[in-house]
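The values are calculated or read from the model by the stated rules, or taken from the named source; none is laboratory data. These figures come from a predicted structure and were not determined experimentally. Glycine gets a Cβ as well: all are built from the backbone with ideal geometry, and neighbour counts include every protein chain shown.
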Amino acid sequence: MIELHGSFARTGVGHGTDRAIVGGLLGYLPDDERLRESLVAAESAGVAIEFKNTTLRGDHHPNTTHITVKHGDLGAVLVGSSIGAGRIVVTAIDGFPVEISGAYTTLVAVAKDVPGIVASVAGALAEDTVNLATMRVSR
């Protein structure tokens, strides 16, 4: 389910927001020529897409969407906004506040709050020669 808030709800489909969001879910970049046909591509891939206009509670950017994705028994809820020039910011994942721009590869890990867990995650990434540029830890 893709819920469009604010100006997205008023003008989203006419401005191609529906195709852009679905294209993003399919992994397309903002300048990808396939964006125009992303709804057809999703349907061909067996991805069910449903749009709904909504009014989100709280303070949200006018170009915000609330996306619920499901695959079998797994699912996630994401809140994100289009902030212009092909840039986005994800502000929540499963109700947890985040600030993800999409400019870099991002790993979101949920773990028990126990001593040593951050070192364990960093160590596992280092073993695979992954270099961390930035790390944000929250409770």
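Residues of the stretch 64-90 that are more than 20 Å from ARG10 (Cβ to Cβ) and among the polar types (S, T, N, Q): THR68 alone.
Only residues that are part of a loop (DSSP other than H, G, I, E, B) and touching a strand residue (DSSP E or B) at 6+ places or on another chain (Cβ under 7 Å): list them for the stretch 51-69, please. Answer for the stretch 51-69, where residues must be part of a loop (DSSP other than H, G, I, E, B) and touching a strand residue (DSSP E or B) at 6+ places or on another chain (Cβ under 7 Å): THR55, LEU56, HIS60, HIS61, PRO62.
Can you tell me which residue is surrounded by the most Cβ atoms within 10 Å (Cβ to Cβ) among those in the stretch 1-39 that are touching a His at 6+ places or on another chain (Cβ under 9 Å) and of a type in the set (A, V, I, L, M)? Only one residue fits best here, namely LEU4. Every condition in (1) aromatic (Phe, Trp, Tyr); (2) in contact with a strand residue (DSSP E or B) (Cβ under 7 Å, 6 or more places away or on another chain); (3) more than 25 Å from GLY6 (Cα to Cα) holds for TYR104 except the one numbered (2). Given the condition more than 13 Å from the chain's Cα centre (by Cα) and either crowded, with 18+ Cβ neighbours inside 10 Å or in a loop (DSSP other than H, G, I, E, B) (or both), answer yes or no: does some residue in the stretch 74-82 qualify? Checked against the condition, which is being more than 13 Å from the chain's Cα centre (by Cα) and either crowded, with 18+ Cβ neighbours inside 10 Å or in a loop (DSSP other than H, G, I, E, B) (or both), the stretch 74-82 yields no hits at all. Being within 11 Å of the chain's Cα centre (by Cα) and aliphatic (A, V, I, L, M) is a property that holds for ILE67. Candidates PRO115, PRO97: the one that is surrounded by fewer than 12 Cβ atoms within 10 Å (Cβ to Cβ), at pLDDT 90 or above and in a loop (DSSP other than H, G, I, E, B) is PRO115.
Selection of the stretch 1-32 for residues being assigned to a helix (DSSP H, G or I) and over 19 Å from HIS60 (Cβ atoms) yields ARG19, VAL22, GLY23, LEU25. Selection of the stretch 40-73 for residues being surrounded by 12 or more Cβ atoms within 10 Å (Cβ to Cβ), among the aliphatic types (A, V, I, L, M) and under 17 Å from MET1 (Cβ atoms) yields ALA42, VAL47, ILE49, LEU56, ILE67, VAL69.
THR129 meets the conditions (1) within 30 Å of ALA9 (Cβ to Cβ); (2) free of Cβ contacts under 8 Å to residues at least 24 places away in the same chain; (3) over 12 Å from the mean Cα position of the chain (by Cα) in every case but one. The failed one is (1).
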